[in-house]
1. Evaluate region 141-156: report whether one residue or more is in a helix (DSSP H, G or I) and open to solvent by 30 Å² or more (accessible area, probe 1.4 Å).
2. Considering only residues that are crowded, with 17+ Cβ neighbours inside 10 Å and touching a Lys or Arg at 6+ places or on another chain (Cβ under 9 Å), which ones fall in region 116-132?
3. Return a yes/no flag: does region 273-288 have any residue that is within 30 Å of residue 41 (Cα to Cα), surrounded by 14 or more Cβ atoms within 10 Å (Cβ to Cβ), modelled with pLDDT of 95 or more and among the hydroxyl-bearing types (Ser, Thr, Tyr).
4. Can residue 131 be described as among the aromatic types (Phe, Trp, Tyr), touching a residue at least 24 places away in the same chain (Cβ under 8 Å) and outside any helix (DSSP H, G or I)?
5. Pairs under 9 Å by beta carbon, first residue over 19 Å from residue 149 (Cα atoms) in region 187-213, partner open to solvent by 30 Å² or more (accessible area, probe 1.4 Å), six or more apart or different chains?
6. Since residue 136 meets every condition but one in (1) buried (at least 18 other Cβ atoms within 10 Å of the Cβ); (2) modelled with pLDDT of 95 or more; (3) over 18 Å from the mean Cα position of the chain (by Cα), which condition does it not meet?
7. Please report, ordered by residue number, the helices (runs of 4 or more DSSP H) entirely within region 1-67 with at least 1 residues that are in contact with a Pro (Cβ under 7 Å, 6 or more places away or on another chain).
8. Contact list please: Cβ distance under 6 Å, first residue in region 4-18 and at negative phi and open to solvent by 80 Å² or more (accessible area, probe 1.4 Å), second residue of a type outside the set (Lys, Arg) and modelled with pLDDT of 80 or more, pairs at least six apart or on different chains.
Amino acid sequence: MTHDATVAAADHAMRHWLGEPGRIRIGSEAHKRLFCRMLLDTHNPYKPAVIEWPALEADALQRITSLPIWDIAVQTEGKAKLRVATYTATVGDPLLHEAMTMDGDEEARHKVVLSKMVEAYGIALAPEPEYEVPKDPEWGWLVTGYSECIDSFFAFGLFESAKRTGYFPAELVETFEPVMQEEARHILFFANWVAWHRRQLPWWRRPAFELKVMRVWLFLIWERIGIAKGLDDNGEMQDANFTLTGHQQIGLDLKLGELIDLCLAQNSLRMDGYDERLLRPTFVPRLARLARRFVR
């Protein structure tokens, strides 16, 4: 098989997956096997160190390097890598541990991809902070999972819009596409883990877990409001809300309703190739559909 054929086969395999046939009860051992095998079987073995970053025309290079997202993107992946690894260390189930190790390794790989890209294009980054190990491993894992559910939903739409308009050159889109699809796999895995985990808890522990989930959502909302309004130590805006405001920052002529429609369509498209018995992330899409009713 040629190199191009190998890459195409790996790309197809990471987007299309069916588990063993049969009915699946949410929270069962079969459910756990289904979402763990999905993540493990659809792994794309690309290596960031050998990615050939395409040469960009001067105007495209200026657009990419001027985006105010690279510091926060690298730091987000650094936090995610540590948080996933910390929780994984507490998991005793062999299959789940293997799948979560894969999840953490892919988060680490995302950070390497971004680091290699900023190096290739001469993008200056602020010094990375020291990443703190979460005192509560489960809290750190939930923050990472729900953060990805929010950010990926909007990123899918923005990425497609930038692709259609040519804001991101086609060569760069092709290079980053596997990373975007990995995020789809991650949030699919996380949504099913949450549903499975709930069923594993004895009834008397479930209220505390639901309270923790609620606290995570409040934390994430507060974090995004704070970052959207705040300044860093140098008085410069560091906008982690790029997934919400990015269409304005990169100059895309999209109305809010059009952006929501595009995000919903791309979210469905990226999930459609996986076994229909797997639960899909629903909270953010539901909020988007509700908001769409009030947006012309």
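The values are calculated or read from the model by the stated rules, or taken from the named source; none is laboratory data. Predicted model only: the values in this text are computed from it and were never measured. Cβ placement follows ideal geometry from the backbone for every residue including glycine, while neighbour counts extend to all protein chains displayed. Side chains included, ligands, DNA and RNA excluded: accessible areas come from the protein's heavy atoms. Shrake-Rupley method; radii C 1.70, N 1.55, O 1.52, S 1.80 Å.
1. To start, the set of residues in region 141-156 that are in a helix (DSSP H, G or I) comprises 141-156.
Narrowing further to those that are open to solvent by 30 Å² or more (accessible area, probe 1.4 Å): 151, 154.
The answer is yes, given that some residue of region 141-156 is in a helix (DSSP H, G or I) and open to solvent by 30 Å² or more (accessible area, probe 1.4 Å).
2. The answer is none; no residue qualifies.
3. Yes, region 273-288 contains a residue that is within 30 Å of residue 41 (Cα to Cα), surrounded by 14 or more Cβ atoms within 10 Å (Cβ to Cβ), modelled with pLDDT of 95 or more and among the hydroxyl-bearing types (Ser, Thr, Tyr).
4. Values: among the aromatic types (Phe, Trp, Tyr): yes; touching a residue at least 24 places away in the same chain (Cβ under 8 Å): yes; outside any helix (DSSP H, G or I): yes.
Taking the combined requirement at face value, the residue satisfies it.
5. 199/25; 199/26; 201/208; 206/198
6. If we test residue 136 against (1) buried (at least 18 other Cβ atoms within 10 Å of the Cβ); (2) modelled with pLDDT of 95 or more; (3) over 18 Å from the mean Cα position of the chain (by Cα), just (1) comes out false.
7. Details: elements: 3-15, 29-41, 58-66.
Here the list reads 3-15, 58-66.
8. Short answer, once both residue conditions are applied: 16/273; 18/275.
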